[in-house]
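**Student:** My questions all concern the structure below.
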Amino acid sequence: MAGQNSSQGGQAGQGGDRGKKGYSVPTGLPYALQELRSRLGSASDLVKEMYDGAHPAEYEPVADSLYGAYRTASDLAPARNVTGCTDHPDGAVDPAAPDGWGRCLLCNHRRRLTERSAPSPADDLPRLPDGSAPRATLAALKSQFDLVNERSFDLGTSSKPEEFATLAQALHHAFLLARELSRPRNASGCAQHPGAPVDPDAPPGEECIFCAGRRRQAQRAQGTPQMLPRVARGDRRMPLRRRFERPL
């Protein structure tokens, strides 16, 4: 009798455990977490190897690795709608959207084209003064990546989707810093051609080789021979020549 009671109690306990709703891991979450940690490890190794004065091309693998980690983290985060538009949820935001309009730049552009009475975007928008925007530096990138490591340390299969969204936001900021560092440096000081080579014979402040070439060409005397741009073969059009002139 005692054995039967104990067996019945065990079956009742099992039935009680079955009745309880436990946590089930979503399908694909362990694989996505493993991929995220792998990408974060690769990005961490690349960031640690960077040094002050590195060439912008050396930051390109860092930016690619951070972007891959950002995409993986954003897939684990809940879907977000930046523009509030159902057709373009991740599109560009209109900075000069009129009152009563949405934030989607693409939809507002179409609306401006179809509606003649629609207000056009202002050309004199307030701009930030030069030097007011934060400059992308290696120290800022490493500091931002430390924040990424801090937010990804305790992530697991039971983490909330909002925690992955916070990590994705931090990764996106780090990606923007790496992308800015991967762009050509403005060694010439020219706002029109920031990545132009430096002319060693130009005076200080006018080192852009493209602008210096234009100035030299404008200062040439009239009649000085100069090289003309090469015309593609398909663009050459010979004028028609008539053998005989038309009668008056």
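**Student:** I'd like the full set of residues that are modelled with pLDDT of 80 or more, surrounded by 10 or more Cβ atoms within 10 Å (Cβ to Cβ) and in a loop (DSSP other than H, G, I, E, B), limited to the range 200-226.
**Tutor:** none
**Student:** Within the range 193-214, which residues are under 24 Å from residue 60 (Cβ atoms), of a type outside the set (A, V, I, L, M, F, W, C) and in contact with a helix residue (DSSP H, G or I) (Cβ under 7 Å, 6 or more places away or on another chain)?
**Tutor:** Across the range 193-214, the qualifying residues are 193, 197.
**Student:** Something else: Restricting attention to the range 45-75, and to residues there that are outside any loop (DSSP other than H, G, I, E, B) and over 19 Å from the mean Cα position of the chain (by Cα), which single residue is farthest from residue 140 (Cα to Cα)?
**Tutor:** 45
The values are calculated or read from the model by the stated rules, or taken from the named source; none is laboratory data. What you see is a predicted model, and the numbers here were worked out from it, not measured in a lab. Because the Cβ atoms are built from the backbone with ideal geometry, glycine has one as well, and the counts that use them run over all protein chains shown.
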